[in-house]
Structure formats: C-alpha cells, structure tokens
Amino acid sequence: MRGKRLSIWGETGAILRAATARVRAGGARLAGLILATQLVVLLVALPLVRWLFREALRANGMSGLDLGKLPIGQGFPLTVTLILAIVVLVFWLLALQFTALVVLLRWPALSGRQFLSELGRVARALLRPRSLPLLGYLFVLLPLTGFGFTSALTRGLAIPQFISGELFKSPATAIGFIAFLVVLTWLNLRYALTVPLFVLTTGRRPLRTSWRLTRGLRAPVSLALAGAVVLIAGSLAGSALALIALAPTAIADAVLPGAAPGVAAVSLGLAQVAGMLLSGAVTAGIAGVLISRLERSADRFPAGVSWATDPARAERVPATAGAAGAAGAAGSTESAGPAVPAGPAGAAPAGAPAAAPRTGRLVPVVVTAALLLAAGCSVAGWDTMHRLAAAPDTLVLAHRGFSDGGVENTLGGLDAAAAAGADLVEMDVMQTRDGEFVAMHDARLERLAGEPLAVKDLTLAELTQIMVTDAAGHTDLIPSFTDYVRHAQALEMPLLIEVKLSGAETPDHVDRLVAELEELGALEENMYHSLDAPSVERLKLLRPDLTVGYTMAFAGGGLPETVADFIVVEQWTATSVMQDAARAAGLGFMAWTVNDEAGYRELLRRDADGIITDHPDRVLAARAEMQSGSGVAGILVDALARFVTVV
C-alpha cells in the first residue's frame, strides 16, 4: 500500500538524506577512488589526449589548430579520423570515470575484484552501439549546463565568453540566449538519470527511460533543488578551504615575512589535494542524488528495464534469489509509506546502501597518498609562488573603447577609455561600399542602429549620418576611420586597429588602409591585428616594421604558422601552455575578451603581454594592486583561484 505522497520539499529532503548516506558509506574507499581517478585523468589521460591531438594535426601538416587557415590536403581525412578517435577515447574514459563513482555509491560493499569486474562490464557495454546516444549527453548537454558529473576531461567544454558576451550586448539576443540556456537546463534535468540507468539497470534506452521517469514537475524540480544544495554546500566548503589555506600565509606575512613563500607553497599544495577531494565529493554528492532519485522512481520502470544484479549478492545467493532481490529493489516508491522491501535474507534493504567493508587498513593508505601528493604539489608550488610574485607589466587594452562611457567604436567610447587610463584602445575598421573606411565592428547595423542595413551596402557619407545606441543607453554617430584616428591622436591614445571584413573589400583594401594612415601620420604609432590571415600577411609584406598580430577565435595543439609579431587568442583557449609556446617562439601573447575577475587576474599573474577587456578600469586597478602589493597572501589568493577547483 502506498503512503502519503511527499511534497516537492519533502521529496528533495528524502533524496538528499539518501545521497548523504551513500557518500558517507563510501568513506575511505570513495576518497581513494577520487584521488586515483583525478591522478589518472591529470597525469595519463589528458597528456595522452593532447599528444594524440598534436599528432592528428601533424598528419595534415599543421603545427596547431588554426580555423582561419585550415588546409584541406591529402592528410585531412586522416586528421579527421584521428580526431574522431580522440573523441571516442575521451568519451570512453569519461564514462568509465562516472561509472566508477556510480558503482561504488550503489554497491559500497563490493570487493576490489568485484568493483573492477563491474567496470569491465560497463567498459564492454560502452563499445556497443547502444552507448552512442550517451555521447551527445556527456559532451554537449551536460558540460554546457553544468548539472551532473564534472571532470577535467570536460572542464573546457563550455560556451565561450566571446560568444555569450556578444549575445548579451543586445536585449533581443540576450533574451534568446537566456531562453536557450533555460531549455538546455530543462533538458539536462530530464536526462539526468541517463548515466545511472546505463550503469545500474538492464534497459537498452537510458535516455528515453530518463525522460519517462522525470515527467511532470516533481522529479526535475526535486533534482534541481537537491543538486543546488550540493553545489552550494560545495561552494561554501570551498570558501572555507580557501580561508583555512590563506590563514598561515597571512600570519607569516605579518610575523615572519621571509618564511611566507614557503608557507604559501605548502598551503597551496595541501589546498590542491583538498580541492581534488572536495570536488570529487561534490560530484559524488550529485551522483548520490541521481541514484537516489532513480531508486525512488523504480516503481515506474518501463517494461524491459530492471535493476542490474548486485555483484556481491550474486556470489552469495542463487540466481533465483538474486532476481527476487532485484525485483524487491524495484519496490522503492515516491511515498512516505511502508519501508522498502528487503532483499535476500541477511542483506540490507533494497534502495539503501549496503554497509561498506571495513576500511581501517585503507584509511592510512589514503592519508599517506594524499600527503605525498600534497608534498609534490608543494614543491611545484614553490616555483609557482615565485613566478606569480613578479609584478606584471601587462598592457590593458580597452575593447572597442570603454562601453561604460560610450558606444563601442565611437568617439565617446574612445574618450571614456582614455579617461579610464587604458594603455591602448582596440578598435575595428571596415571598408564601405565606396572604398572608404569606417570605425565599425558589426557587418550589419541591427544591433546598434536597429536598421536592417549592411556596411557593405552603404557609403561612408551614409554611414556617418547614422546614430548608434548601446544597451546602456549611450548614443553617438558612427565615425569615419579618419575622424577616429585623429581623435585618438589628440588624446595621445595609441590604437590596436583590427582589420575587419565587411564584404565590400577591394583587392587592395590593406594597401588603401596603409596609405590612409600614412597620410594621417599615424601608421607607425599604432598596432594592428586581424582574424583574416591574408590581411595580416599583406600588412607585414607592405611594412615589415609594423607590429602586427594574428587573431585566433580558437587555438589548440600548438602555435599557428604566421608572419605576425604576436598572437591574440580568445580567452577560452588562451592557456598558459599557449602563452609559454608563444614566448619560446618569440611571439607576443594577448588574450581577448577578458571580463571576469578570475580570468584577468590569472593573465596578469602570468604576465601576458596584453589583455583586451570591456572593463579596463577593473583590470588597471588589479594591475596596480599587484605592482604595489607587498606580502605573499595576495599572491596565494590568486594561486588558489587558479589551481584549486572545487565546483
């Protein structure tokens, strides 16, 4: 008989209590699994994937992934094949990482042999065609919404800021983007049970089954609430961890400054290991929520879907008894009624985590491993702290001017950037229908002027009569490129001029641009960059003495082959590895468009050559703080933000 149906809040509480019990039952085995999987991913899987990716690019004669100059040669099919193989490998490793957590949380009493046997069973299942639908879920839906399992293998998968940032500059596109995220989140909640279903049941269609089991509002809302509680708890624990790690260094700064770097290095090493464990615990908490939600929906399993047999029980009882126990497990309900039916005699009730085997001998092993890992991180942290301590001289470039004071690429925005103290202003230039040049980023005018017009279809005289308005309410006229440059000269503000393509380019558009700048006496005093590789090459051919950059919307695998003096890499792929490679090759390194505090503080600590940002005032303040700061505590704060990941 079913009991009284729980409210959504009651359902959420029941799921959280069950998930907490599962994580606690994991104990030292769970901690050991978290450390082991993290190390395997960081020390084996990621280096292997990076090496395979570089080899895949090399097969097509590329030293790095450059979407602006993608050669389609004889090696291209092999490159595509190898990249697809990498995707399959990462998917397989990612699924196994998730599987290990789910198996341990569902059956904490398994022996090591039984645990590995279960992983082998799922690994074989992942090679079958029925696992293919999981690919889209694990690599697209889950990383974009951030609800479910997290892994270093998918941490870089997200909507790049240069895309989301541009979408939020227009009310219409912002509303559309928010609606898109809401739909993604809802889909993720509906498919959230997919991995537990694949691992723990005999069904062949886990995505469809998850969709069926999360009908209505109760299941997805309770999942969202329970997941939010886990994530908030993880964030609070992460903040507490940062404060605990920071305290010894702050004390050393005040009492014994000479010892502060060493104290900070040890604190960073311990925090990195603690962060691994805490991040894994948060992921385990989410996994426990999903398993508990699945168990409470077991009475609604569709035909053909049943619990997989508990490997530990299968070895102790006959197959018929094991089947009965599995059937009993399906008796879990969404009610507050009678207790869940028991499994075989002497077994724990179905739906509740069985008691884990004694782990007294495992605790010192896990603690020793964690301390050894922390010691290794501390040694590496010594060099890290000294590198981060260097005062940055990174250039701060105002992206299209300063949007807090004026419309992008207008004289008002240029004035605002100069008043904020930016080192340079990054701006855009396009050719018009009559071959002249205008300061403009968008090829079309809908976003700023509300008109269905294109730059390539208008003359300079027509464009400079159009009023533009941004989301903040600033208004201004579109300036000609000549007026913009003259105004910058009057302000003594150097420019980073981006050559944009409007579709109206004449074959000699770069030559014309150079001639116009020479006539203004402004060619040598400014810098240049472009996403268009031929424009970069033409600039360097015409004037080898100019400082020219090659802009990359996506970078990976290595440096591009370019004649440029520096590269401008979108923040999403502007990694420290890419920066170090650029420095080794004698190239400058800039990142765009960097607006988040963690992002620009990291790049400042890395002493990147330039940061292109919509908020030059904030980046300038952070740079001034680092240049004038004393003590190590502030450096450790940035190191913790960069190297310690919790949620």
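Numbers at a glance
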quantity: Check on residue 569, surrounded by fewer than 17 Cβ atoms within 10 Å (Cβ to Cβ), within 20 Å of residue 496 (Cβ to Cβ) and in contact with a helix residue (DSSP H, G or I) (Cβ under 7 Å, 6 or more places away or on another chain); calculated: no
quantity: Residues that are within 12 Å of residue 284 (Cβ to Cβ) and out of contact with any helix residue (DSSP H, G or I) (no Cβ under 6 Å at 6 or more places or on another chain), drawn from segment 1-20; calculated: 20
quantity: Candidate set: segment 547-561, residues that are part of a strand (DSSP E or B) and out of contact with any Pro (no Cβ under 8 Å at 6 or more places or on another chain); chosen: the one surrounded by the most Cβ atoms within 10 Å (Cβ to Cβ); calculated: 549
quantity: Residue in segment 158-171 that is free of Cβ contacts under 8 Å to residues at least 12 places away in the same chain and closer than 17 Å to residue 15 by Cα present; calculated: no
quantity: Unique residue being in contact (Cβ under 8 Å) with a residue 60 or more places away in the chain and among the aliphatic types (A, V, I, L, M) when the list is 620, 587; calculated: 620
quantity: Filtered residue count, segment 1-50, keeping only those that are assigned to a helix (DSSP H, G or I), among the aliphatic types (A, V, I, L, M) and within 18 Å of residue 292 (Cβ to Cβ); calculated: 10
quantity: Which listed residue is closer than 18 Å to residue 528 by Cα, small (Gly, Ala, Ser) and not in a strand (DSSP E or B), from 581, 598, 591, 564; calculated: 564
quantity: Out of 542, 501, 496, 523, sole residue that is within 30 Å of residue 585 (Cβ to Cβ), touching a residue at least 12 places away in the same chain (Cβ under 8 Å), out of contact with any helix residue (DSSP H, G or I) (no Cβ under 9 Å at 6 or more places or on another chain) and not aromatic (Phe, Trp, Tyr); calculated: 496
quantity: Test: residue in segment 629-641 that is at positive phi and modelled with pLDDT under 90; calculated: yes
quantity: For residue 471: the one exception among (1) buried (at least 22 other Cβ atoms within 10 Å of the Cβ); (2) in contact with a Lys or Arg (Cβ under 7 Å, 6 or more places away or on another chain); (3) at pLDDT below 95; calculated: (1)
quantity: In segment 286-308, residue farthest from residue 21 (Cα to Cα) [restricted to those that are touching a residue at least 12 places away in the same chain (Cβ under 8 Å) and assigned to a loop (DSSP other than H, G, I, E, B)]; calculated: 304
quantity: Options 515, 504, 553: the member that is over 25 Å from residue 170 (Cβ atoms) and among the small types (Gly, Ala, Ser); calculated: 515
quantity: Residue within segment 236-259 that is more than 30 Å from residue 390 (Cβ to Cβ) and of a type outside the set (Asp, Glu) present; calculated: yes
quantity: Output for segment 485-508, where each listed residue is β-branched (Val, Ile, Thr) and either farther than 17 Å from residue 546 by Cα or surrounded by fewer than 23 Cβ atoms within 10 Å (Cβ to Cβ) (or both); calculated: 506
quantity: Residue 511 being surrounded by fewer than 22 Cβ atoms within 10 Å (Cβ to Cβ) and touching a Gly at 6+ places or on another chain (Cβ under 9 Å); calculated: no
quantity: Residue among 237, 265 that alone is under 30 Å from residue 629 (Cβ atoms) and touching an Asp or Glu at 6+ places or on another chain (Cβ under 9 Å); calculated: 265
quantity: Close pairs from segment 181-206: first in the same structural domain as residue 134 (by TED's automatic domain parsing), partner basic (Lys, Arg) and in a helix (DSSP H, G or I), Cβ under 6 Å, at least 6 apart; calculated: 200/106; 204/130
quantity: Residues of segment 219-261 that turn out to be more than 28 Å from residue 644 (Cβ to Cβ) and surrounded by 18 or more Cβ atoms within 10 Å (Cβ to Cβ), as a count; calculated: 3
quantity: Checklist (1) surrounded by fewer than 19 Cβ atoms within 10 Å (Cβ to Cβ); (2) touching a Gly at 6+ places or on another chain (Cβ under 9 Å); (3) over 23 Å from residue 265 (Cα atoms) applied to residue 643, failing item; calculated: (3)
quantity: Residues being of a type in the set (Ser, Thr, Tyr) and modelled with pLDDT under 80 - total across segment 52-106; calculated: 2
quantity: Residue in segment 611-623 that is within 26 Å of the chain's Cα centre (by Cα), surrounded by fewer than 23 Cβ atoms within 10 Å (Cβ to Cβ), on the phi < 0 side of the Ramachandran plot and modelled with pLDDT under 90 present; calculated: no
quantity: Residue 542 surrounded by fewer than 21 Cβ atoms within 10 Å (Cβ to Cβ) and under 22 Å from residue 401 (Cα atoms); calculated: no
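Residues are listed down the side, and each one gets a yes or a no for (1) within 28 Å of the chain's Cα centre (by Cα); (2) part of a helix (DSSP H, G or I):
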residue	(1), (2)
505	no, no
514	no, yes
529	yes, no
538	no, yes
545	no, no
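The rows are residues; the columns are (1) farther than 29 Å from residue 115 by Cα; (2) modelled with pLDDT of 90 or more; (3) of a type in the set (Gly, Ala, Ser).
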residue: 185; (1), (2), (3): yes, no, no
residue: 198; (1), (2), (3): no, no, no
residue: 208; (1), (2), (3): no, yes, no
residue: 222; (1), (2), (3): yes, yes, yes
residue: 236; (1), (2), (3): yes, yes, no
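The values are calculated or read from the model by the stated rules, or taken from the named source; none is laboratory data. Being a predicted model, the structure only gives us computed values, none of them experimental. As a convention, Cβ positions derive from the backbone with ideal geometry for all residues, glycine included, and neighbour counts pool all protein chains shown.
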